[in-house]
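To start, the structure under review is shown below, and the notes come after it.
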Amino acid sequence: MGVEVSVEGLTKSFGSQNIWRDVTMTLPAGEVSALLGPSGTGKSVFLKTLIGLLHPEQGSVIIDGTDITQCSAKELYEIRKLFGVLFQDGALFGSMSLYDNIAFPLREHTKKKEDEVRDIVMEKIDLVGLAGAEDKLPGEISGGMRKRAGLARALVLDPQIILCDEPDSGLDPVRTAYISQLLIDINAQIDATILIVTHNINIARTIPDNIGMLFRKELVMFGPREQLLTSEQPVVKQFLSGDRFGPIGMSEEKDEAVQKQEEAMQAAGIGGGGTKDDFSEIIPQVQPNPGMPERKAIKRHRERVHNMLPDLPPNAQDAIRRSMAEEDRMRDEMAAHVDEQQTVAVGAGQGSGEWTSAGGDDYPGSDAPTQSWATPPAADSTTTQPIDTGRHQQPTDGRSH
């Protein structure tokens, strides 16, 4: 299972330039979180601080019981083995092939034989859809392919904490959907703690369990996705809708004259160019692919949302209940699909323990999973009780050996 990452009173500056101050948040163990915010607010700096590449002026970062802002270089080296990191530009070694780039952490941190290394590397290459490109140099492929190679490298050690700095940048919408699904499937398999920095609103609305937002050098909010997606804070609503009318300007501080001009334009019925999506509705969260174990994070997350529900506005409570009911319905349909495929497989003499894809729904390049996907009974649309996962099949380890 992934480990909890606790940040307390974190402040970071470069010289006289303050990046952010007094950031306090906890990434729950085994859950997927996302960090949003306008460009230039220090989201990438925050990730680098979490792994000790940058040292804060104040505050603590506690990982697996160790404060990495105070620990020795040797302790930090060991803590970093818990991480898999996808940097914004891929951060590949330009003189190494994709294969050697992806194999680097295994050769550096393990004593595996080269044939074991090859099995693991080729598995990860298949996962990110780069089969056949393993001998190419980073300069010979597109930026999107480099990003996927960086993700494969981040996954080779089956890390307990995965940090992804804009995993969608440089990717087309279809590949972005596949990468997002892959992160959910990995979380289901190894219960890793995942933090995604993104500007992609669709990812933010459908992938994470928790969302935070940085703005004007502060953490505006961090908590369950349902809390932020139903927030009435102007900066949150403006960012989600992508509208130019609101607190966020071209520069970080929007001056008063511009703000008054925009208010007059709004009053005249002129639009700010934002999406017209209905953000009062919470889109159901993406679920693991058929054959994957159920995410343990679902139960933990729902318990937390259930406890905070009475303190939310009525419209937010209604949206959350509808979203949970829809997610339960989706899980039931997925379970029924898996049962149907297993019945077909038995009838064809393929054995009773396998899920076989009739429509190519499994992730490209991956082997068909062999574990059935257990789901809870459908929840009533008005209930907010956490689902009971205790009596269902537990996730397999999912690690490569």
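Taking GLY30 as the residue in question, decide whether it is within 25 Å of PRO224 (Cα to Cα) and buried (at least 21 other Cβ atoms within 10 Å of the Cβ). Even if it seems obvious, please write down each step before you answer.
Details: within 25 Å of PRO224 (Cα to Cα): yes; buried (at least 21 other Cβ atoms within 10 Å of the Cβ): yes.
In short, yes.
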Could you tell me which of the residues THR49, THR11, THR24 is touching a residue at least 60 places away in the same chain (Cβ under 8 Å) and over 17 Å from the mean Cα position of the chain (by Cα)?
THR24
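Pick from ASP168, ASP158: which is buried (at least 21 other Cβ atoms within 10 Å of the Cβ), under 28 Å from PRO138 (Cβ atoms) and modelled with pLDDT under 90? Give the derivation first.
Details: ASP158 fails: buried (at least 21 other Cβ atoms within 10 Å of the Cβ).
Within the list ASP168, ASP158, the selection yields ASP168.
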Of the residues in segment 68-81, those that are without any contact (Cβ under 8 Å) to a residue 60 or more places away in the chain and surrounded by fewer than 15 Cβ atoms within 10 Å (Cβ to Cβ) come to GLN70, SER72, ALA73, LYS74, GLU75, TYR77, GLU78
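Condition (residue is at pLDDT 50 or above, within 18 Å of PRO290 (Cβ to Cβ) and not assigned by TED's automatic domain parsing to the domain that holds ASP209) applied to segment 350-368: is it met by at least one residue? Explain how you work it out, then say what you get.
Here is the first cut: in segment 350-368, the residues at pLDDT 50 or above are 350.
Next, only the ones that are within 18 Å of PRO290 (Cβ to Cβ) stay: 350.
If we keep only those that are not assigned by TED's automatic domain parsing to the domain that holds ASP209 as well, we get 350.
Yes, the conditions are met somewhere in segment 350-368.
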Run GLY65 past the list (1) at negative phi; (2) surrounded by fewer than 13 Cβ atoms within 10 Å (Cβ to Cβ) and report the number of the one that doesn't hold.
(1)
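If you go through segment 38-51 one residue at a time, do you hit one that is of a type in the set (D, E, K, R), assigned to a strand (DSSP E or B) and surrounded by 15 or more Cβ atoms within 10 Å (Cβ to Cβ)? Give the steps one after another, and end with the answer.
At the first step, the residues of segment 38-51 found to be of a type in the set (D, E, K, R) are 43, 48.
Imposing the further condition that a residue be assigned to a strand (DSSP E or B) reduces the set to none.
No: segment 38-51 contains no residue that is of a type in the set (D, E, K, R), assigned to a strand (DSSP E or B) and surrounded by 15 or more Cβ atoms within 10 Å (Cβ to Cβ).
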Collect the residues in segment 187-222 that are under 10 Å from the mean Cα position of the chain (by Cα), in a helix (DSSP H, G or I) and not small (Gly, Ala, Ser), keeping them in residue-number order.
ASN187, ILE203, THR206
Residue match in segment 178-185 (condition: modelled with pLDDT of 90 or more and closer than 24 Å to GLY52 by Cα):
yes
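Any residue at all in segment 68-77 that's of a type in the set (A, V, I, L, M, F, W, C) and in contact with a strand residue (DSSP E or B) (Cβ under 9 Å, 6 or more places away or on another chain)?
Restricting attention to segment 68-77, the residues satisfying the condition of being of a type in the set (A, V, I, L, M, F, W, C) are 68, 71, 73, 76.
The next check asks that each one be in contact with a strand residue (DSSP E or B) (Cβ under 9 Å, 6 or more places away or on another chain); those that pass are 68, 76.
The answer is yes; a qualifying residue exists.
Here's a check for you: in segment 160-192, which residue that is hydroxyl-bearing (Ser, Thr, Tyr) and either out of contact with any Ser or Thr (no Cβ under 8 Å at 6 or more places or on another chain) or free of Cβ contacts under 8 Å to residues at least 60 places away in the same chain (or both) is nearest to ARG295 (Cα to Cα)?
We begin by selecting, within segment 160-192, every residue hydroxyl-bearing (Ser, Thr, Tyr); these are 169, 176, 178, 180.
Adding the requirement that they be either out of contact with any Ser or Thr (no Cβ under 8 Å at 6 or more places or on another chain) or free of Cβ contacts under 8 Å to residues at least 60 places away in the same chain (or both) leaves 169, 176, 178.
On the way: SER169: 26, THR176: 21, TYR178: 18 Å.
Looking at residues that are hydroxyl-bearing (Ser, Thr, Tyr) and either out of contact with any Ser or Thr (no Cβ under 8 Å at 6 or more places or on another chain) or free of Cβ contacts under 8 Å to residues at least 60 places away in the same chain (or both), I get TYR178.
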Give the number of residues within segment 25-56 that are closer than 23 Å to GLN238 by Cα and hydroxyl-bearing (Ser, Thr, Tyr).
4
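The values are calculated or read from the model by the stated rules, or taken from the named source; none is laboratory data. In this text the structure is predicted, and so the values were computed from the model without any measurement. Positions of Cβ are backbone-derived with ideal geometry, glycine not excepted, and every protein chain shown enters the neighbour counts.
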